[in-house]
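The structure under discussion appears below in the form of structure tokens.
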Amino acid sequence: MKRFPLALLLATVALPLTTVAAHAQSAALAPTLTAAKDGVEVTAGALKMKLIALSDDLVRVRIARGGVYPEDASWAVLPAQRKTRAAVTPTADGFTTASLRVRIGAGGAVTFETLDGKIISADAAPASVDGKTFTLTKTLPIGEHFYGLGDKTGGLDRRGKAFVDWNTDAFGFSSSDDPIYKSIPFFASTGAAGGSYGILLDNTYRTWFDFGHKDAETLAFGGPDGPIDYYFIAGPTLADVTRRYAGLTGRAPLAPKWALGYQQSRYSYMSADEVREIARHLRADRVPTDVIWLDIDYQDRNRPFTTNPKTFPDMAKLVADMKAQGIKLVAITDLHIAKVDTGYAPYTSGKRSDEFVKNPDGSDYVAPVWPGPSVFPDFTQAKSRAWWGTLYKGFLDDGVAGFWNDMNEPAIFNTATKTMPLDTQHRIASDDFATRTGDHREIHNVYGMQNTRATYDGLLSLRPNERPFVMTRASYAGGQRYAVTWTGDNSATWDHLKLSVHQILNLGLSGFAYSAADVSGFAGGPSPDLLTRWFEIGAFTPVFRDHSATGTPRVEPWVDGPDHLAIRRRFVEERYRLMPYFYALADQNSRLGDPIMRPVFYDYPSAASMGCDQSMAFTLGKALLIAPPPSPESPQRYDVCLPAGGWYDYWTGQRAGSPEPTSAGPIQSATQAVPTEHAKGDRVSETPRLDRLPVFVRAGTILPRQPLVQSTAQTPSGPLMLDIYPGEDCVGTLYEDDGTTLAYQRRGYLRQTVRCSVTPNGLTIAFDAREGSFAPWWKQIAVTVHGWTGAATVAQDRKAITAQPDSAAGTLSFTVAAPIRATQITLAR
């Protein structure tokens with residue numbers, strides 16, 4: 001039976017047969033739609049594509065090259081996500097879901113709209129396929145801005161720029177170099193009439209993205225080969241898009257708590273004795289620390305999974321010595337295996353079971369890296385990943401806590417491309433891919449991700465109840481399931497300090513909530529002021545690691561004398577006091593996908609139009625806004641724009657940009673649902689000072705903190721501290737578990753929501769009943785209510801509690817037994 005376009009059939013039901021024939025004659029120029037219960041199939045001339053609604057807000061678009069659809073397999077999107085479906089309602093030109101309208105226009109051009117007709121995204125032209133090459137284009141309204149793509153350089157906003165995805169060892173990269181270490185072909189848009197949206201182009205080849213660089217009115221992306229397969233994620237908010245992308249590609253697992261502590265590293269600490277001296281100095285200077293990293297010089301002749309018998313003669317003893325001081329070791333394990341025929345087990349065992357990447361002639365691919373001539377595991381084989389995982393047994397038996405997969409772009413020495421030849425062969429035998437051989441053009445961008453997958457899965461197999469910790473330099477979309485990451489070999493410049501903030505923010509929007517930049521800069525040497533400022537900002541980033549290159553000046557906290565040490569230590573200490581808040585954000589990320597560190601407009605979209613230079617500002621969760629100078633090297637005074645609703649200065653506890661209180665009780669402007677003087681936000685002027693980093697707390701925050709410890713291995717002494725800043729939507733979360741095992745997946749956690757609300761006479765604080773079975777370290781909670789003047793009567797479930805007002809600070813403080821069941825505390829004037 002001849003198939004007519006759906007729109008043509010509906011439009012011509014009542015027409016004479018001659019008219020139907022006339023329409024049929026021109027049907028080749030119009031798309032033919034075949035409705036399905038989960039979407040539509042489209043044919044328009046040579047173009048053939050399927051649009052499948054995976055959920056009401058998520059549509060997968062698959063385009064057939066030469067009439068053949070790409071393999072339904074993915075390194076980024078797991079089968080369970082690809083198999084989900086939403087019911088759709090067919091329309092004359094496409095379909096609708098419960099929240100999205102999809103229209104198919106001339107030639108197969110696709111438009112995504114809200115149900116009330118606002119355009120979210122529209123094709124500028126139908127998809128173009130030329131042999132194996134393809135290009136997808138979309139219109140680019142003037143108000144749109146773009147984020148994501150991982151740790152790409154060039155600033156926070158991608159608009160007006162173009163990028164290539166090709167993982168590259170980019171030592172010494174500048175703030176505009178591209179490509180660098182990661183390929184995460186996902187971007188998110190803000191400013192569209194129909195709200196935010198995101199697109200994941202699931203193609204591992206050397207894809208490219210142009211956000212109005214070549215043509216200011218066109219968003220374009222494509223690739224030289226591989227599947228034409230993308231996922232369209234509707235918002236309407238950026239937070240909605242980010243959460244849905246994390247759900248699509250897999251949320252990051254909850255990291256061990258120690259991963260949130262301060263971490264000291266260098267390329268390299270050259271002996272076990274030097275590591276002990278570093279630990280001794282950190283403890284003597286009272287710099288809280290959780291981790292010391294071991295770079296490649298701990299190894300025997302740079303061979304992975306070995307230790308130098310002279311300089312690191314007893315790893316187990318070193319681990320035990322560090323453990324006694326509350327410090328864990330993370331060791332590098334690069335993926336290049338030295339080609340040594342005798343006496344090196346990783347090579348002999350891998351050769352025996354045929355685990356290495358091949359040349360086109362079937363021989364093992366051999367190339368120079370740190371150990372000299374090396375071979376490379378074929379991580380696209382499930383059996384090779386399993387073999388790799390077994391290599392960690394010795395280090396785990398010694399007690400090494402985590403591992404660092406570096407050089408996994410993969411980096412190759414003495415070649416113009418810095419990587420493997422494109423015709424290198426990878427055997428694909430994994431997941432739902434058809435078993436076959438692919439070349440390096442296809443596998444290059446996913447190679448580092450599969451390296452970390454092998455490490456993560458291997459650690460989990462060897463220690464099934466312990467959370468693996470893996471750090472990677474290279475990755476692909478979905479790589480957050482296996483590893484945390486950092487921005488690679490950055491430089492000790494003010495420009496790179498600013499760039500690091502943008503990179504970490506975009507990594508968070510790309511799924512990698514746990515990310516870092518080398519504090520101090522890896523290459524070169526920072527001035528004392530630069531290192532101090534980087535410490536201050538680093539204390540509020542998800543992963544906080546001080547790391548520097550061999551041959552550069554030392555950058556440990558104490559190197560520039562007592563004054564700089566005092567400032568750096570103060571910010572490290574503040575991070576540890578905030579550990580309950582950091583850990584609650586980590587829990588939130590593991591469940592929902594929200595980044596830990598966020599652009600200000602993530603939770604406060606109106607902030608983007610407030611007029612301040614916010615190029616360095618970011619939030620830690622929703623509650624804390626960190627506002628470094630937009631030109632971090634400049635003494636120039638600058639304005640901080642605080643979103644509507646009211647904010648407090650974190651350091652002083654005083655209202656930011658608000659009048660002083662004039663009567664007893666809560667400061668009225670702090671507790672109105674929409675405070676008049678804060679309805680459009682506040683503008684605060686700051687003069688840069690080296691010993692101050694402006695940090696603000698949202699009115700409506702309940703912020704958990706703890707007494708100072710020297711590492712997360714130490715139990716805090718005293719009550720949990722709860723700082724309450726009354727305001728709209730006043731809420732906070734307490735979260736705790738054992739910090740290292742997977743018991744939290746079996747309800748071995750404590751999660752408790754706390755709320756506050758203003759009453760005519762004062763304030764009510766409500767603790768929900770605890771969730772989970774874990775008993776936390778705190779037995780009492782010390783509550784401090786900010787923005788309060790005068791005395792108060794405080795009662796918990798009608799039982800009086802003694803409270804201490806502080807008129808100078810504008811606070812009211814009291815301590816209660818940590819509630820287990822639902823509890824209400826009232827504060828009355």
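Read-outs: derived from the displayed coordinates by stated rules, not from any lab. Please read all numbers here as calculations on a predicted model, not as lab measurements. Cβ: placed from backbone, ideal geometry, glycine included. Neighbour counts: every protein chain shown.
Here are a few things to note about the model shown:
- Temperature 25 °C, viscosity 0.890 mPa s: under these conditions the Stokes-Einstein estimate for region 229-341, based on its Kirkwood radius over C-alpha pairs, is 145 µm² per second.
- For PHE774, PHE571, PHE618, order by how many other beta-carbon atoms lie within 10 Å, fewest first: PHE774, PHE571, PHE618
- Cross-link pairs exceeding 24 Å in C-alpha to C-alpha distance, out of LYS48/LYS214; LYS257/LYS310; LYS418/LYS498; LYS393/LYS418; LYS152/LYS418; LYS50/LYS132, comprise LYS48/LYS214; LYS257/LYS310; LYS418/LYS498; LYS393/LYS418.
- Pair LYS37, LYS323: separation of 7 Å Cα→Cβ label points (nm): 5.6 nm
- Helix-only mean residue ellipticity at 222 nm for the chain, each DSSP H run of n ≥ 4 adding -39500 (n - 2.57), per residue, nearest 500: -6000 deg cm²/dmol
- Amide H within-cut-off set for ALA125, under 5 Å, with H built and near neighbours excluded: THR137
- For a paramagnetic label modelled on THR764 (point 7 Å from Cα along Cα→Cβ), amide N atoms under 16 Å away belong, within region 772-805, to 794-799.
- For ARG692 and ALA216, the difference between the fully extended length at 0.36 nm per residue and the C-alpha to C-alpha distance is 167.3 nm.
- In summary, the lysines within cross-link reach of LYS680, defined as a Cα separation below 23 angstrom excluding same-chain residues under 8 places away, comprise LYS622.
- Extension gain for ALA162 to ALA284 (0.36 nm times residue separation, less C-alpha to C-alpha distance): 39.0 nm.
- For the chain, share of DSSP beta bridges that run antiparallel, in % to the nearest 5: 85 percent
- Taking amide H as placed 1.01 Å from N in the peptide plane, the amide H of GLY160 sits under 5 Å from that of PHE211, GLY212, HIS213, each at least 5 places away or on another chain.
- Taking the number of Cβ atoms within 10 Å of each Cβ as an exposure proxy, the fewest-first ranking of THR415, THR311 is THR415, THR311.
- Less than 5 angstrom separates the built amide H of THR307 from those of ASP300, all sequence-distant by 5 or more or on a different chain.
- Rounded to 5, percent antiparallel among DSSP beta bridges of region 306-408: 70 percent
- Estimated dipole of region 238-303 in Debye, rounded to 20 [Cβ of Lys and Arg +1, of Asp and Glu -1, Cα centre]: 340 debye
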